[in-house]
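Data first, discussion second: the structure below is written as structure tokens.
Please treat every number below as a calculation from the coordinates, not as lab data. In this text, all values refer to a predicted model and were calculated from it rather than measured experimentally. A quick note on method: Cβ atoms are made from the backbone with ideal geometry, for glycine too, and the neighbour counts reach across all protein chains shown.
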Amino acid sequence: MIRSCFLAMALLLTPLAATEALAVQPDEILADPGLEARARMISREIRCPVCQGENIDDSNAPISRDLRLIIRERLVAGDSNDEVIDFVIARYGEFVLFNPRLSGWDWVLWLSGPAALVLALGGSWFVLRRRALAGPGPVSRLTDEEEARLRELLKD
Amino acid sequence: MLIELGHFALILALMVALVQTILPLWGAWRGRPVLMAVAEPAAVVQFALIAFAFGVLTWAFVTSDFSVALVVSNSHTLKPMLYKISGTWGNHEGSLLLWTLILALFGASAAWFGGALPARLRARVIAVQGSVGVAFLAFMLFTSNPFLRMEMPPMDGRDLNPLLQDPGLAFHPPFLYLGYVGLSMSFSFAIAALIGGRVDAAWARWVRPWTLAAWVFLTIGIALGSWWAYYELGWGGFWFWDPVENASFMPWLLAAALLHSAIVVEKRESLKSWTILLAILAFGFSLIGTFIVRSGVITSVHSFASDPERGIFILMILGFFTGGGLTLFAARAGAMQARGVFGLVSRESALVANNILLAVGAFVVFIGTMWPLFAELLLGRVMSVGEPFFNAAFTPFFVALALILPLGAMLAWKRGDPGRVLGLLAPAALAALAVGLLSVAITQGQGMIALLVLVGAGLGLALLWARVPQLIRRRVPLIVLGMAVLALIWAVQTGRSALGPIGVMLGAWVVFGSLADLWSRSGREGTPLAGRLGRLRHLPRAEWGKAIAHAGMGVVVFSVSAMLAWKVEVIAVVAPGDSFALGPYSVQLADVRAERGPNYISTMAEMVVRRGGAQVVTLYPEKRSYPVQGMPTTEAGIDYGWLRDIYLVIGDPQENGGWAVRAYIEPFANWLWAGCALMALGGLFSLSDRRYRVAPAGAKSARPRGKEVPAE
């Protein structure tokens, strides 16, 4: 809950829940460092359901602690990372996933950046090449004089 | 009484802003100098009225006037004076007043310093600025009045959110607003130019300093917020891709694009309509940021209903200015004629590439931030988009930007010679490669040996450099960067371990590239050192500003990569008196005791950090509890260092008598803030360039000679 208020707090003061625990607690940590590392990796991608855009790894809310414990339980039981995440989604819904799985229209989300880049590069290459090929025509020669006059004016 | 005067001043300011909008626009349209002349006094009076209202509100906070509702909900008599003052803008209504104050200040600045502008352009700029003022003053008066009284004044207030009671955050909002609102000037200039149908070098020379100033303020504001998150939130993170953070990051990206494209307009009279479009979009994103933050629509879709009036009002403001601006753009952009012609490989093209990458980056952040809202409204799906998406989708654009930055910055205007630039950048590429290799060696524990080998190789190469043929030199950056990109792709495919070295290498490439740029301007090969230094001293400040700001960005890339890759974390239960290992250090929890602050109680730990038996530092991390608001904050104990921060946090007491403790080593953390400071400093250098200081003043002194100054 706390960090979501970065900035926002300066502007609209959301009531903050008074919580005692601070993110991952020592008693949660698994003895097996490999499993623990996987648990940390998963919990960074799971959103705290009652907070404002915070992952359960950083969150202080009790429900995040429950989720962290569930994830570790499943890992100890031998689940793969994907199985653990499926388990969490089945109970809390897709909302808790910070890294949404590709489904339905989500390709728009992922592809809009690259598509915009391709469009922008293609468009500007087209325009620039045409302009470069056209070269300074008679119009621009005229305006060069004007430009010189402008610089003259700017100077004094 | 004073409070009512403040309220009244705001109403008057709204009236003045209306006059400031309508009369000068009409006058400029009809060619009536008398009406246009209204603009300047109106802007100044509007500023004075809002400044008075702001002063009244500050006074209410300073004297703890609990008959004012806003003071009751955000202040307390025991609060330290600094936070009583900063409490003025630590809430929705007060921050909005600060927003409008800065808006009016910029309008008045256009009146004070705009003497050299053509009369029509000046009148229109001030009028458009006034119209933004009308919108926000109306918003404040109708939905968010800061001067509401309490019917029954309580004995004491409810205190300011304790997280806000911090020097870093006290000054974070004002800087951000200076940036957000600064972009309104670029917007006003863009609209005025569209109405007048004229964009030329003189116009760009006016727009660029305003954009640059706005960008500098945004940089400082974002850095302050990030720094605050780092030391205050208790686990050493500095950026979270939170919607509210993104709200400030998008205008920053677009302002960066705008200040680069304005260079092309100013120097080459090209990219005019694109620059106008960017100016409209940059301010549009400022407004979108305001909307995201104040309506609460993104952080939680459901809280929109809690204050629909405010959200809808801002949406209307956003729609009016962005929609209106874009419509005007569509109608008039054809009138802007480009004059400068340039080749495909040139400084202009490089700046176009910079603009594309920054704008597409901003677009990706926008899509990611808004997608949950779209998905819920259009697809009926409740979902989240967070850090994993932004890391994967945004970072490639920034990596590409860092890769091409040193090349683009050194290309010549009009027609560049890429071979020559690559040759000049060869030493920078080799130095960056050395930094990357060194980082690998240090993390593998072979630092000293690698350093000796690299220094030897560097010295040898420096002695032989003059004999290395140009053809080979020109290949060096391509080979090094190609290797880096391949390694990056390989690292993304296989795991993260190689991202750190590649990231620091990329950062070093930008830093050394900026140095190479400065060096190449100090003379040709063979110029004696004294001559080079002399020329460096006399380079225009804009050149220095460019190099400093670019190097700052390189330092930021370097530091972010290092922190993400090599952060060390320990979470443990420690009994008082016991020690635990943190990387090469040993940390002892010497004592935990209760302390009292002015308006909080604190659990303070005393932790002694040792290395090899020798004491490094003693830190006092705290957990504070603010009784009035009933919430805890963590105050990490941080030992700031050149190469690393040691970051200690005290947690809760455990059942078996120990304490939960979190400890981190944050490599190169200070470099992040230093990099941001360098970027801002570079902007300031550029802002103080001779052409901005001299051109307006020169034009002013020239005016009396002309005697008659026609209204254009």
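Grab the beta carbon distance between B:Glu376 and A:Arg151, set R0 = 60 Å, and tell me the FRET efficiency rounded to 0.05.
0.65
Mind checking B:388-397 for the average number of partner chain beta-carbons within 10 Å of each residue's beta-carbon? Can you show the working numbers first?
Details: counts 7, 7, 1, 1, 3, 6, 1, 0, 3, 4.
Across B:388-397, the average partner-chain Cβ count within 10 Å equals 3.
Near A:Asn60, the amide H atoms lying under 5 Å from its own belong to A:Ile2, A:Ala23; only residues 5 or more places off or on other chains count, and H is placed 1.01 Å from N. In terms of Cα to Cα distance under 20 Å, which aspartates and glutamates are near enough to B:Lys267, apart from those fewer than 8 places away along the same chain? The qualifying aspartates and glutamates are A:Asp144, A:Glu145, A:Glu146, A:Glu147, A:Glu152, A:Asp156, B:Asp200, B:Glu348, B:Asp417, B:Asp517, B:Glu543, B:Asp689.
Measuring nothing but how far apart in sequence close Cα pairs (under 8 Å, 6+ apart) lie, relative to its length, the stretch B:516-612 scores a relative contact order of 15 percent. Sorting B:Tyr585, B:Tyr230 by the number of Cβ atoms found within 10 Å of their own Cβ, with the fewest placed first, yields B:Tyr585, B:Tyr230.
For chain B, the relative contact order works out to 11 percent when only alpha carbon pairs closer than 8 Å and six or more residues apart are counted.
With +1 on each Lys and Arg Cβ and -1 on each Asp and Glu Cβ, how big is the dipole of the stretch B:532-583 about its Cα centre, in debye rounded to the nearest 20? Please list the in-between numbers first.
Working: 6 positive and 3 negative charges, 138 e Å.
The dipole magnitude comes to about 660 debye.
Label sites at B:Ile11 and B:Leu536, each approximated as a point 7 angstrom past Cα along Cα to Cβ, lie 6.3 nm apart. Peptides B:499-506, B:110-117 ranked from most to least packed give B:499-506, B:110-117, packing being the mean of other C-beta atoms within 10 angstrom over each peptide's residues.
Express in nm, to one decimal, how much length is gained between B:Leu328 and B:Leu82 on full extension, taking 0.36 nm for each residue of separation and deducting their alpha carbon distance. Each step should come with its number before you reach the end.
Values: separation 246, 0.36 × 246 = 88.56 nm, distance 4.49 nm.
Extra length from B:Leu328 to B:Leu82 when fully extended: 84.1 nm.
As a proxy for reagent exposure, ranking B:Tyr177, A:Tyr92 by other Cβ atoms within 10 Å from fewest up yields A:Tyr92, B:Tyr177.
Based only on other Cβ atoms within 10 Å, what is the fewest-to-most ordering of A:Arg47, B:Arg205?
Numbers: A:Arg47 24, B:Arg205 19.
So the residues, fewest neighbours to most, are B:Arg205, A:Arg47.
Across peptide B:21-29, the average count of Cβ atoms from other chains found within 10 Å of a residue's Cβ is 0.
For the pair B:Leu315 and A:Asp32, how long in nm is the line joining their label points, each one 7 Å along Cα→Cβ? About 5.0 nm separates the two model spin labels.
Need the C-alpha centroid separation for the stretch A:59-117 versus the stretch B:121-181, integer Å. The stretch A:59-117 and the stretch B:121-181 have Cα centres spaced 38 Å from each other. Residue by residue along B:364-370, Cβ atoms of other protein chains within 10 Å of the local Cβ number 3 on average.
For A:Leu97, the residues whose modelled amide H falls within less than 5 Å of its own, excluding neighbours fewer than 5 places apart on the same chain, are A:Arg47, B:Ser384. For B:Val68, the residues whose amide H sits under 5 Å from its own are B:Met150, ignoring neighbours fewer than 5 places away on the same chain, with H placed 1.01 Å from N.
Using only DSSP helix segments of four residues or longer, with each worth -39500 (n - 2.57), what per-residue ellipticity at 222 nm results for chain B after dividing by its residue count and rounding to 500? Here the helix-only value at 222 nm equals -22000 deg cm²/dmol.
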